[in-house]
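To start, the structure under review is shown below, and the notes come after it.
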């Protein structure tokens, strides 16, 4: 079993890597994941929701010293702010701002927070 400090550092590293991958995928003109998702109806928005659910969970796990409610609020807030920032930057890279993507990001972040809240409240 890893020491608590080591686990937290690994989670923070995973969060940084995931965040960088999300940023790259969101700002590249034609990312490979987007090309694959276009083939299935609704896959793009589902992918957004899944990506932001994972991001929200990782941010939550990266802030172990905050109380549960504050951790959840921070995880959702940071995930949504990150998604909004990326959507605002997309027109600078030849892509378009899409409100539907923001809604899918929010749904994913809220789903991730709900999952964490349910798991955090269950008895050991």
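The values are calculated or read from the model by the stated rules, or taken from the named source; none is laboratory data. Fair warning: this is a prediction, and the values are worked out from it, not measured in the lab. Glycine gets a Cβ as well: all are built from the backbone with ideal geometry, and neighbour counts include every protein chain shown.
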> For region 35-57, what are the residues that are modelled with pLDDT under 95 and within 13 Å of residue 21 (Cβ to Cβ)?
Replying inline: 47
> In region 94-104, what residues are farther than 14 Å from residue 52 by Cα and surrounded by fewer than 11 Cβ atoms within 10 Å (Cβ to Cβ)?
Replying inline: 94, 96, 99
> Name the residues in region 83-93 that are under 16 Å from residue 20 (Cβ atoms) and surrounded by fewer than 18 Cβ atoms within 10 Å (Cβ to Cβ), would you?
Replying inline: 85, 89, 93
> When region 111-124 is examined, which residues are found to be surrounded by fewer than 18 Cβ atoms within 10 Å (Cβ to Cβ) and in a helix (DSSP H, G or I)?
Replying inline: 111, 114, 115, 117, 118, 119, 120, 121
>> Of all residues being under 13 Å from residue 110 (Cβ atoms) and touching a residue at least 40 places away in the same chain (Cβ under 8 Å) in region 60-82, which is surrounded by the most Cβ atoms within 10 Å (Cβ to Cβ)? Just the residue, please.
In response: 60
> Considering 83, 100, 108, which residue is more than 27 Å from residue 6 (Cα to Cα), modelled with pLDDT under 95, under 17 Å from the mean Cα position of the chain (by Cα) and in a helix (DSSP H, G or I)?
Replying inline: 100
> Within the set of pairs 6+ apart or on separate chains, which have a first residue in region 10-34 that is at pLDDT below 90, a second that is not in a helix (DSSP H, G or I), and C-beta atoms under 7 Å apart?
Replying inline: 25/31; 29/94; 29/95
